[in-house]
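Enquirer: Pasting a structure below so you can have a look.
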Amino acid sequence: MKKLVMTATVEQRDAAFRAMDRIVRTNDIPAGATVRPLATGKPLRLEMDIDAYVARQRNAGVIVVKDGQIRLERYALGFSGDGRWTSFSVAKSFTSTLVGAAIRDGYIKSLEDKVTTYIPDLRGSAYDDVSVRQLLTMTSGVRWNEDYTDPRSDVALFNQHKAEPGEDVTVSYMRKLPREAPAGSKWVYKTGETNLIGVLVSSATKKTLSAYLAEKVWAPAGMEAPGFWMLGSTGHEISGCCMSASLRDYALFWLFMLDGGKGMLPDMWIGEATIKQASIDVPGRGYGFQWWTYDDGSYAAQGIFGQGIFIDPKRRLVIASNGNWPTATDPEGVGKDR
């Protein structure tokens, strides 16, 4: 799917990002019985033309929620509040949250457990020495290339990989990777490892990620609408990518985080997950459990082509946006003033 997205025109992506469930196989994420209403607060006073900003950023939607009230909400690119937009790597933060839920439920015993305890098919690979914590923080030391412009990168080759019958496609690819550094010593951004986290959670809970997300996040958070999650070639959700939801429900997830996880997560989980666990060699920033962190206590989830959520717990502030930048990682500067 990423290969198709990378070669599509901007206009084709505008249509595809709001209709992934009609293009690829997905699992539904059912909404719960009770919706958490988002009240409308006093509109923000801005010293800018917000509609011009949305057009320049190629935002499909942007929402600002302060103290549980919507202070700004805008849509474009044929998208609306009733639609669902793909998340790309924003999904990583949902996936890591399910690890916390699985620990609270007793399915995962400890972050210090070896990954192979839950994914036995990785035994004999470079992941023998890797803990669940190191997988969450992308510090496994296993070699991976995430260059979206390189057709020989791992992120490209993974999407073309064909697993043997009976094998999970993620495990089949990842177990062949070599080690480049001792486990825990080096941070490298790796979508493939988030995909492994999804396999780990599914293996530990004996549930699909979509079903477990519906149980532990969607219903407790009071999501307004069902979501859906893209499936890989062997039937697991692609947990490093490609969950789709409405813009308001993305914002509600972050309110779920601000509210401590509604009893679905261990007491210390959110505090530990959203602070710097690994250095990314950028001053003032770091990486937590699949969250981008800032030294002022705020944190964010980010996806290619302009998907993002920013959370500032001190100000009870959530900003969520969907978009379709001209290029995946925005080298032309469209999103530089976020």
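The values are calculated or read from the model by the stated rules, or taken from the named source; none is laboratory data. All figures in this text were calculated on a predicted structure; none of them were measured in a lab. Here Cβ is always computed from backbone atoms with ideal geometry, including for glycine, and neighbour counts include all displayed protein chains. Surface accessibility is based on the protein's heavy atoms, side chains included, excluding ligands, DNA and RNA. Shrake-Rupley method; radii C 1.70, N 1.55, O 1.52, S 1.80 Å.
Enquirer: Place +1 on the Cβ of every Lys and Arg and -1 on the Cβ of every Asp and Glu in the chain, take the dipole about the Cα centre, and give the residue among Ile270, Val171, Gly68 whose Cα lies farthest towards its positive end.
Expert: Gly68
Enquirer: Hey, any idea what the orientation-averaged projected area of the convex hull of the range 140-252's Cα atoms comes to, in nm²?
Expert: Dividing the Cα hull surface by four gives the mean projection, 8.4 nm².
Enquirer: A follow-up question, please. Can you work out the accessible area per residue across the range 248-290, with the rest of the protein chains kept in place, probe 1.4 Å, in square angstrom?
Expert: In whole numbers, the range 248-290 has 38 Å² accessible per residue.
Enquirer: Of Lys114/Lys262; Lys162/Lys186; Lys109/Lys190; Lys109/Lys206; Lys162/Lys207; Lys42/Lys262, which sit over 19 Å apart, Cα to Cα?
Expert: Cα-Cα > 19 Å for Lys114/Lys262; Lys162/Lys186; Lys109/Lys190; Lys162/Lys207; Lys42/Lys262; rest within.
Enquirer: Enter the mean projected area of the convex hull around the alpha-carbon atoms of the range 12-143, in nm², rounded to one decimal.
Expert: The number I arrive at for the range 12-143 is 12.6 nm².
Enquirer: Shifting gears a bit: Using the crude model of +1 on Lys and Arg Cβ and -1 on Asp and Glu Cβ, and no other charge, please compute the dipole size for the chain relative to its Cα centre, in debye to 20.
Expert: With Lys and Arg at +1 and Asp and Glu at -1, about 220 debye.
Enquirer: Something else now. Using only alpha-carbon positions, what ratio does the radius of gyration of the range 22-79 give when scaled by 2.2 N^0.38 Å?
Expert: 1.49
Enquirer: Let me ask another. Over the range 238-302, what is the mean sequence separation of C-alpha contacts under 8 Å (at least six apart), divided by residue count, expressed as relative contact order in percent?
Expert: Relative contact order comes out at 18 percent.
Enquirer: Pairs of Cα atoms under 8 Å, at least six residues apart: use those to get the relative contact order of the chain, whole percent.
Expert: Answer for the chain is 25 percent.
Enquirer: Hey, another quick one. As a test of the formula, what do you get for the chain when each DSSP H run with n ≥ 4 contributes -39,500 (n - 2.57) and the sum is divided by the residue count, at 222 nm and rounded to the nearest 500 deg cm²/dmol?
Expert: Per the formula, -7500 deg cm²/dmol.
Enquirer: Now for a separate question. Where the centre of each part is set by its Cα atoms, how far does the range 64-115 sit from the range 232-280, in angstrom?
Expert: 4
Enquirer: Carbon-plus-sulfur fraction of the accessible area of the chain, 1.4 Å probe, in percent?
Expert: 51
Enquirer: Tell me which DSSP H helices of the chain clear both cut-offs, 18 Å or more of axial length from alpha-carbon atoms and a mean Kyte-Doolittle hydropathy of at least -1.0.
Expert: Length and hydropathy pass: 91-104, 191-205.
Enquirer: I need the per residue convex hull volume for the range 106-165, using only the alpha carbons, in cubic angstrom as a whole number.
Expert: It comes to 118 Å³ per residue, whole-number rounded.
Enquirer: On to the next question. Which translational diffusion coefficient, to the nearest whole µm²/s, is obtained for the chain from the Stokes-Einstein equation, given a Kirkwood hydrodynamic radius over C-alpha pairs, 25 °C and 0.890 mPa s?
Expert: In µm²/s, the coefficient rounds to 122.
Enquirer: How much accessible area per residue does the range 78-142 have, counting only protein heavy atoms and a probe of 1.4 Å, in square angstrom?
Expert: Value returned for the range 78-142: 31 Å² of accessible area per residue.
Enquirer: Would you work out which of Met223, Tyr53, Thr194 lies farthest towards the positive end of the dipole of the chain, given +1 charges on the beta-carbon of Lys and Arg and -1 on that of Asp and Glu, about the Cα centre?
Expert: It is Met223, whose Cα lies furthest towards the positive end.
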